[in-house]
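Colleague: Below you will find the structure I want to go over with you.
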């Protein structure tokens, strides 16, 4: 069993309620922070912990906090990004659904450190019942003196407000989220100015992911240095992984980032192996936008070393032979899955979610979907693969926000590693409608652990 | 204006607006549009959007551009129960195609259509964050997960019963 810092108490009956959470030691860390620690000391612990943003980008959280401007007389805001929308990712939902008070405790400590008197949780609109759970927890926390005016007699006022979005992946991008929180379309802003200087209502703002803010609780509880001892290298602490696709045990797992990808997929403690005794074909290890890897490159790096579930190891080899930790959305594909079809559904997703501001993304995502649809329906031509490659290359890096990159990468990686499957579809138009390319990519038998 | 919040809805409106600083009431637009949609039959006619604009003291165009941007706002009438079935990658590899085909057959409608009795609308949506519990659909506030053909039948029967019980 690995270390559990976030989900340790997830299975305690009634942990969703204030009474049980408190009885299990909840809010003791907030008490320590507000009564015994200076603001600088809290920020210092978070910096020392090496905590990296858990939303996908992996930016050091302590550093992000230290950028916040503090102009005299201007309110500052902390915004919790709960717009979890990256396909394959459902860890924040789990955390909020089962441990709402852990998030609120993290929000309280973080709001105190940043000087945010009004903190917002921007939650994706579809998680309507989760929003209700959070609202209930806020009422309980307020009733018990953890939110409101002059908390613990420390002079600090803090209120947490839930704000429901309405169905737009783009609002997970922090400046689009801010626009949406201001009651507008979720069009990302041009940076600079960064939110830390001019964010919500042009006030200094920090936007952090749900898991990042929840992790502040164990960090303050155990100290940044102790937290940093868990894990390996710059992958400190624990990470929530939401595993899905063709595995025996889909679900949310907390890992300490020293486990190998192979153990994560095949051990009974985690994914429990490929469903139906089938073979592993490919995996998208960090949410739909990160590069898909074929089984051989997933389990071992190009150098033949074991690949581990952490930031550095998953990205070993760059995009040529590696991928990314991303949001921790771990999507497993078995031997029966078609890479063309899978890529098509992702291309459709990004076309649907493009906000339309930048031409390369607005037009390019639509073209990619149409070309992939054409290949999938057995009408592809040999020039289509190069055309797809050309389009994705012209989207990447040419847009205001990273949605363009997120749309380009899955297509690029699918062609990079599975070009023969695309060619097979194009050269076997009829056959591709009734059968599957399977595992023909591999000249050598695929590595399947006993 | 005939569309108006009743007292209960109006107090919810006030609660939502109070979350934002004075003069920033436009920030309440998304939550208020959810409230309007829930209050006025599951969709947002122009009249409802104009009413929201007047309540928040903003221009109607500011409401239209938001209502047309976000996928959860219905701009056309929908059935009493909207089946929003996820079709993105993780659900697809877990068999959502078969579930979508089965719902179409059982309800005799295509995606985007409503049954003749006005009971059900089928809508195909992109990832709802339930990838580990696929295939799935959202109906109102609730997620229906681990869908099978048998489960779809049971869900349809359950909603039909609900309406019978109400009448």
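Values quoted throughout were computed directly from the atomic coordinates according to the rules given, and no laboratory measurement underlies them. Since the model is a prediction, treat every value here as computed from it, not as a measurement. Positions of Cβ are backbone-derived with ideal geometry, glycine not excepted, and every protein chain shown enters the neighbour counts.
Colleague: Tell me the mean residue ellipticity at 222 nm calculated for chain B from its helices only (DSSP H runs of n ≥ 4, each -39500 (n - 2.57), averaged over every residue, nearest 500).
Modeller: -13500 deg cm²/dmol
Colleague: Taking the beta-carbon count within 10 Å as an exposure proxy, list A:65, A:201 from fewest neighbours to most.
Modeller: A:201, A:65
Colleague: If you take the Cα Rg of the range B:7-67 and divide it by 2.2 N^0.38 Å, with N the number of residues, what do you get?
Modeller: With N residues counted in the range B:7-67, Rg over 2.2 N^0.38 Å equals 1.02.
Colleague: Another question about this same structure. Roughly how many Å is it from the Cα centre of the range A:48-127 to that of the range B:1-57, as a whole number?
Modeller: The range A:48-127 and the range B:1-57 have Cα centres separated by 27 Å.
Colleague: So what's the back-of-envelope 222 nm ellipticity for chain A, counting only DSSP H runs of four-plus at -39500 (n - 2.57) apiece and dividing by all residues, rounded to 500?
Modeller: -12500 deg cm²/dmol
Colleague: Order these by the 10 Å Cβ neighbour count, fewest first: A:387, B:147.
Modeller: Starting with the residue having the fewest Cβ neighbours, the order is A:387, B:147.
Colleague: Using only the alpha-carbon atoms, what does chain B span along each of its principal axes? Please give whole angstrom values in decreasing order.
Modeller: Extents along the principal axes: 50, 38, 24 Å.
Colleague: While we're on this one: Taking a ≥ b ≥ c as the square roots of the eigenvalues of the Cα gyration tensor of the protein assembly as shown, is the shape rounded (a/c under 1.5), prolate (a/b larger than b/c) or oblate?
Modeller: Oblate.
Colleague: Also, I was wondering about something else. Give me a single rounded figure for A:373-381: the average over its residues of other chain Cβ atoms within 10 Å of their Cβ.
Modeller: 0
Colleague: While we're here: Once you have a ≥ b ≥ c as the square roots of the Cα gyration tensor eigenvalues for the range A:18-227, tell me rounded if a/c is under 1.5, and otherwise prolate or oblate according to whether a/b is larger than b/c.
Modeller: rounded
Colleague: I'd like the antiparallel share, as a percent to the nearest 5, of DSSP beta bridges with both residues in the range A:235-333.
Modeller: In the range A:235-333, DSSP labels about 70 percent of beta bridges as antiparallel.
Colleague: Still on this structure, please answer the following. Looking at the range A:18-227, what % of its DSSP beta bridges pair antiparallel, to the nearest 5?
Modeller: Restricted to the range A:18-227, the bridges split so that about 10 percent are antiparallel.
Colleague: Nearest-5 percent of antiparallel DSSP beta bridges in the protein assembly as shown?
Modeller: 50 percent
Colleague: While we're looking at this one, here's another question. Take peptide B:81-90, look around each residue's Cβ out to 10 angstrom, count Cβ atoms belonging to other protein chains, and average those counts.
Modeller: Mean number of neighbouring Cβ atoms from other chains: 6.
Colleague: Calculate the translational D of the range B:81-166 in whole µm² s⁻¹ from Stokes-Einstein, where the hydrodynamic radius comes from the Kirkwood formula applied to all Cα pairs, the temperature is 37 °C and the viscosity 0.692 mPa s.
Modeller: Once the numbers are plugged in, D ends up at 256 µm²/s.
Colleague: Treating the range A:36-136 as a set of equal point scatterers at the Cα positions, no solvent, please give the Debye-formula log₁₀ I(q)/I(0) at q = 0.10, 0.21, 0.23 Å⁻¹.
Modeller: Calculated log10 I(q)/I(0) at the listed q: -0.31, -1.23, -1.36.
Colleague: Rounded, prolate or oblate, given the Cα gyration tensor of the range A:339-434, with a/c below 1.5 counting as rounded?
Modeller: prolate
Colleague: Each label point is 7 Å from the Cα along the Cα-to-Cβ direction; what then is the distance between the points at residue A:36 and residue B:43, in nm?
Modeller: 6.0 nm
Colleague: Once the Cα atoms of helix A:128-143 and of chain A are each reduced to a long axis, what angle between those two axes, in degrees from 0 to 90 to the nearest 10, is obtained?
Modeller: Around 20 degrees separate the two axes.
Colleague: Just need the relative contact order of the range A:141-181 here, percent rounded to a whole number, with Cα pairs under 8 Å and 6+ apart.
Modeller: 22 percent
Colleague: Build a GNM of chain B with springs between Cα atoms under 10 Å: which of B:69, B:40, B:13 gets the top mean-square fluctuation?
Modeller: B:69
Colleague: How big is the gap, in Å, between the Cα center of the range B:75-93 and the Cα center of the range A:296-341?
Modeller: Taking the Cα centre of the range A:296-341 as reference, the centre of the range B:75-93 is 30 Å away.
Colleague: Something else about it: May I ask for the angle, rounded to the nearest 10°, between helix B:46-56 and the longest principal axis of chain B, with both axes built from Cα atoms and the value confined to 0 to 90°?
Modeller: For helix B:46-56, the angle is close to 50 degrees.
Colleague: Averaged across B:31-37, how many Cβ atoms of other chains sit within 10 Å of each residue's Cβ atom?
Modeller: Mean partner shielding for this stretch: 3.
Colleague: Another question, then. What order do you get for B:142, A:274 when you list them from fewest to most C-beta neighbours inside 10 Å?
Modeller: B:142, A:274
Colleague: Okay, next question. What order, most packed first, do the peptides A:91-97, B:116-122, A:160-166, A:35-41 have when packing is the mean number of other Cβ atoms within 10 Å of each residue?
Modeller: So the order, starting with the most tightly packed, is A:91-97, A:160-166, B:116-122, A:35-41.
Colleague: Along the Cα→Cβ direction, 7 angstrom out, place labels at residue A:269 and residue A:28. What is the inter-label distance in nm?
Modeller: 2.5 nm
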